Amino acid sequence: VLAVPVLFKQTLENMEIEEGKSVSMRCELTKADATVVWKKGEATLRASDKYEMKQKGTVAELVIHNAEPGDA
């Protein structure tokens, strides 16, 4: 049985946000409920007060609270 790869239907776009605000980034996948791992460089982001991960169907979302220059 061949596994069908999960692809991006809609990718992330560059955003500018005011320091101290929250920002939401979304991507859309070709397969519902696929495992999504959010990374910053090589570091895997984990859910915390700063990072909130959501996923519903084919849409995965990362919310960064209290954005700062280091989040670029």
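The values are calculated or read from the model by the stated rules, or taken from the named source; none is laboratory data. Please read all numbers here as calculations on a predicted model, not as lab measurements. No Cβ is skipped: glycine too gets one built from the backbone with ideal geometry, and neighbour counts run over all protein chains shown. Side chains included, ligands, DNA and RNA excluded: accessible areas come from the protein's heavy atoms. Shrake-Rupley method; radii C 1.70, N 1.55, O 1.52, S 1.80 Å.
Can you pull out every residue in the stretch 13-41 that is assigned to a loop (DSSP other than H, G, I, E, B) and either closer than 15 Å to Lys54 by Cα or aromatic (Phe, Trp, Tyr) (or both)?
Those that are assigned to a loop (DSSP other than H, G, I, E, B) and either closer than 15 Å to Lys54 by Cα or aromatic (Phe, Trp, Tyr) (or both): Ser22, Ala32, Asp33, Ala34, Thr35, Val36, Val37, Trp38.
Here's a check for you: in the stretch 45-63, which residue that is of a type in the set (Asp, Glu) and open to solvent by 50 Å² or more (accessible area, probe 1.4 Å) is nearest to Gln10 (Cα to Cα)?
It comes out as Glu52.
Out of Glu18, Glu42, report the one residue that is open to solvent by 80 Å² or more (accessible area, probe 1.4 Å), more than 13 Å from the chain's Cα centre (by Cα) and in contact (Cβ under 8 Å) with a residue 40 or more places away in the chain. Let's see the steps before the verdict.
Details: Glu42 fails: in contact (Cβ under 8 Å) with a residue 40 or more places away in the chain.
Going through Glu18, Glu42 in turn, just one is open to solvent by 80 Å² or more (accessible area, probe 1.4 Å), more than 13 Å from the chain's Cα centre (by Cα) and in contact (Cβ under 8 Å) with a residue 40 or more places away in the chain: Glu18.
Identify the single condition in (1) in a loop (DSSP other than H, G, I, E, B); (2) surrounded by 13 or more Cβ atoms within 10 Å (Cβ to Cβ); (3) in contact (Cβ under 8 Å) with a residue 40 or more places away in the chain that Asn66 does not satisfy, given that it satisfies every other one.
Only one criterion is unmet by Asn66, namely (2).
Only one of (1) under 10 Å from the mean Cα position of the chain (by Cα); (2) in contact (Cβ under 8 Å) with a residue 40 or more places away in the chain fails for Val59. Which number is that?
(2)
Identify, by number, the condition in (1) open to solvent by 100 Å² or more (accessible area, probe 1.4 Å); (2) part of a strand (DSSP E or B) that Leu2 doesn't meet.
(2)
Going by the structure shown, is Lys31 in contact (Cβ under 8 Å) with a residue 24 or more places away in the chain, over 12 Å from Asp71 (Cβ atoms) and open to solvent by 90 Å² or more (accessible area, probe 1.4 Å)?
Yes: the conditions hold for Lys31.
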